[in-house]
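Colleague: One structure, as structure tokens, below. Some questions next.
The values are calculated or read from the model by the stated rules, or taken from the named source; none is laboratory data. In this text, all values refer to a predicted model and were calculated from it rather than measured experimentally. Heads up, the Cβs are rebuilt from the backbone with ideal geometry, glycines too, and the neighbour counts pull from every protein chain shown. For the accessible areas, the whole protein counts, side chains as well, though only heavy atoms, and no ligand, DNA or RNA atoms are used. Shrake-Rupley method; radii C 1.70, N 1.55, O 1.52, S 1.80 Å.
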Amino acid sequence: MLDHLIKGATVVDGTGAPARVADVGIRDGRIAVVAEQGAVAEEARTSEDAQGRVLAPGFVDPHTHYDAQLFWDPYATPSLNHGVTTVAGGNCGFTLAPLHPDRPGDADYTRRMMSKVEGMSLVALEEGAPWSWSSFGEYLDALEGRVAVNAGFMVGHCALRRYVMGADAVGGQPTPGQLEEMLNLFHEAMDAGAWGLSTTQSSTHSDGDGQPVASRHAQPAELLALSRAVAEHEGTQLEAIVAGCLDQFSDDEIDLFVEMSAAAGRPLNWNVLTIDSAVPERVPRQLVASERARKAGGRIVALTMPILTPMNMSLGTFCALNLIPGWGEILGLPVPERIAKLREPDVRAEMLRHAASKEAGVFRRLTDFARYVIGDTYSEANEGLTGRVVADIAAERGQEPFACLVEICAADELRTVLWPMPTDNDPESWTLRAETWQHEDVMLGGSDAGAHLDRMCGAPYTTRFIGDCLRGRKLVGLEQAVKMLTDDPARLFGLRERGRIAEGYHADLVLFDPERIDAGKATLVHDLPGDSPRLDSKAIGVNAVWVNGVEAIREDVVTGAVPGKILRSGRDTKTVSTK
């Protein structure tokens, strides 16, 4: 007997094949039958009529930071609401394990680092996770059986270094004995099911003390030794971030990525490829790494987002503006001093000069202050400004836009929420995106779901992209769009029997209304431990989501079931070799 029968759905199976009307039966967590409508004779405990709706494989998000959130939110919201059934975590070199059992202070260091570098609530990290593990395997075990999504995790290079080197991980180099210990620890993690290595060399990544995170101090020899260790385990990967990911790679960065992937014989993915017609040379330069990797026996995959993810800014709290050269010193001052400095014309002029410099890289996109929209305000002086564009307010006041923005923020003691309007929403940029998506080493993803919670909400990229393909720009057809969100990432990670609607595959499924599927506007909610805020987005037109054959979402409401699996390398993933 079938557990559930979905009748008359328009099945888009994830392979890119044409959609077809079919009945899909689920039994024991797997897809038991896919047959022509009305052809299933086997009885089912429950069934539903899905005529006019699309049934697709559950979406796979290749870049998340749900490492902590899953402890207080086993449903990985809002990703699960938007049809995501499998998430890859442990990215960018940052994981909550391993932790040295004899140094309890390392957990506090890790929490403060995650709060700073990934924008997670420190209170939520302190109150929402048990911090009961030492080894990476114990961390995975702590999640096992209590999550609603399938989740796999890389090992963060920063955690490996901290465990072995202690405080010397920041600024120091491992002795030969320490490097051997680091490798042994890494092998142990992969034996327990870790997906491989994640690391960062990005200049934007600093810890809770304001120092470059541990992996930024690693030399190429250390990175290559860890990459070679990845080669010894089935179903493993590499993920890495360097400064050039945000704009354009240097020759040395390309060399490093190529050598790491070739040494591991495994794909290396990085994020995020920013596509902008105003910088036409960026995409070709970034994809040089992929071309060279293939010649060297490796593979480098660029993750890119298929939507524009709004990200709010603030002059009062740490955000991307702090990463503009010369801005961090000003925006790091105590609020009264910060306001005084920002009001000095010479200081603003120097900040704007830095903002326009080549060194600002991709952050130049955030410095057209005339195009900022005012969000939440907190003072009588700013009443009525919410939703207005700074250019219009500045014109009324006879001010230069940045000076106008500073005065608005100063009236709120810098609490004002600011929304920069995207600079790359032009037809030429969208045409360039559609072309770039066709490249064999470009994959959709990079949501950062679970991180930067009060600044951005990237999780809904799946539903927004599908809606855009069906009723908006229509840059790719439905079948191809679904493949890009399901089978493509599943194949990159070597997921076993996931990413497609096929008999015998795990029943990770999403049922949606093609006339309605979309994502709601991001809104601020206070539902984290300690009443901390985050941005959330409602799913529109998603009727149901099944994970391993169990209904986990129905009409944007979680059912309370936790059918997700902790996906472990080798058992749940197979090797995707580059050789």
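Colleague: To the nearest 0.05, how large is the calculated FRET efficiency for residue 112 and residue 428 if R₀ is 35 Å and r is the Cβ-Cβ distance? Walk me through the intermediate numbers first.
Modeller: Details: r = 42 Å, r/R0 = 1.21.
Once rounded, the FRET efficiency stands at 0.25.
Colleague: Out of 261, 176, 204, whose Cα points farthest toward the positive end of the dipole of segment 142-262 (charges: +1 Lys, Arg; -1 Asp, Glu; placed on Cβ)?
Modeller: 204
Colleague: Taking +1 at the Cβ of each Lys and Arg and -1 at the Cβ of each Asp and Glu, which of 315, 293, 245 sits farthest along the dipole of segment 217-329 towards its positive end, judged by Cα position relative to the Cα centre?
Modeller: About the Cα centre, the residue reaching furthest to the positive side is 293.
Colleague: Looking at the chain, what % of its DSSP beta bridges pair antiparallel, to the nearest 5? Let's see the in-between values first.
Modeller: Working: 40 of 75 bridges.
Within the chain, antiparallel bridges account for around 55 percent of the total.
Colleague: Sum -39500 (n - 2.57) across every DSSP H segment of at least 4 residues in the chain, then divide by the residue count to get the 222 nm mean residue ellipticity, nearest 500.
Modeller: Details: 18 runs with 174 residues, N = 579.
Taking each H run of at least 4 residues, the total per residue is -8500 deg cm²/dmol.
Colleague: Want the number for residue 291 to residue 100: 0.36 nm per residue separation, take away the alpha-carbon distance, what's left? Don't skip to the end; give the middle numbers.
Modeller: On the way: separation 191, 0.36 × 191 = 68.76 nm, distance 4.00 nm.
Computed gain between residue 291 and residue 100 is 64.8 nm.
Colleague: Do you know the relative contact order of the chain, to the nearest whole percent, from alpha carbon pairs under 8 angstrom that are 6+ apart? If you can, show how the numbers build up before the last one.
Modeller: Numbers: 1341 pairs, mean separation 125.9, N = 579.
Averaging sequence separation for qualifying contacts and normalising by length gives 22 percent for the chain.
Colleague: For an R0 of 51 angstrom, estimate the FRET efficiency from the Cβ-Cβ distance between residue 344 and residue 438 and round to the nearest 0.05. Show your work: numbers first, answer last.
Modeller: Values: r = 49 Å, r/R0 = 0.97.
That pair, residue 344 with residue 438, gives E of 0.55.
Colleague: Per 0.36 nm of contour for each residue apart, how much would the distance between residue 559 and residue 523 grow if the chain were fully extended, relative to their Cα-Cα spacing? Don't skip to the end; give the middle numbers.
Modeller: Working: separation 36, 0.36 × 36 = 12.96 nm, distance 2.23 nm.
Gain on stretching residue 559 to residue 523: 10.7 nm.
Colleague: Please calculate the 1.4 Å probe accessible area of residue 215, with all protein chains present, and give it to the nearest 10 Å².
Modeller: 0
Colleague: Let me ask you something else. Under a cut-off of 18 Å between alpha-carbon atoms, report the lysines in cross-link reach of residue 538, not counting same-chain residues fewer than 8 places apart.
Modeller: 521
Colleague: Further question: Give me the orientation-averaged projected area of the Cα convex hull of the chain, in nm², one decimal. Before the final figure, lay out each step's value.
Modeller: Working: hull surface 101.1 nm².
Averaged projected area of the chain's Cα convex hull equals 25.3 nm².
Colleague: Compare the peptides 169-175, 253-259 by average per-residue count of other Cβ atoms within 10 angstrom and give them in order, highest first. Please list the in-between numbers first.
Modeller: Numbers: 169-175: 17.7, 253-259: 20.1.
Taking the mean over residues of other Cβ atoms within 10 Å, the ranking is 253-259, 169-175.
Colleague: For residue 471 and residue 127, what does the FRET efficiency come to when R0 = 51 Å and r is the distance between their Cβ atoms, rounded to the nearest 0.05? List each step's numbers first, then the result.
Modeller: Values: r = 42 Å, r/R0 = 0.82.
Plugging the Cβ-Cβ distance into 1/(1 + (r/R0)^6) gives 0.75.
Colleague: Hey, can you rank 98-111, 473-486 by average C-beta count inside 10 Å, highest first? If you can, show how the numbers build up before the last one.
Modeller: Numbers: 98-111: 17.1, 473-486: 20.6.
So the order, starting with the most tightly packed, is 473-486, 98-111.
Colleague: With N denoting the number of residues in segment 275-422, provide Rg(C-alpha) divided by 2.2 N^0.38 Å, to two decimal places.
Modeller: Values: Rg = 18.2 Å, N = 148, 2.2 N^0.38 = 14.7 Å.
Dividing the Cα Rg of segment 275-422 by 2.2 N^0.38 Å gives 1.24.
Colleague: Can you compute the charge dipole magnitude of the chain about its Cα centre, using +1 on each Lys and Arg Cβ and -1 on each Asp and Glu Cβ, nothing else charged? Give it in debye, rounded to the nearest 20. Can you show the working numbers first?
Modeller: Details: 55 positive and 82 negative charges, 184 e Å.
The dipole magnitude comes to about 880 debye.
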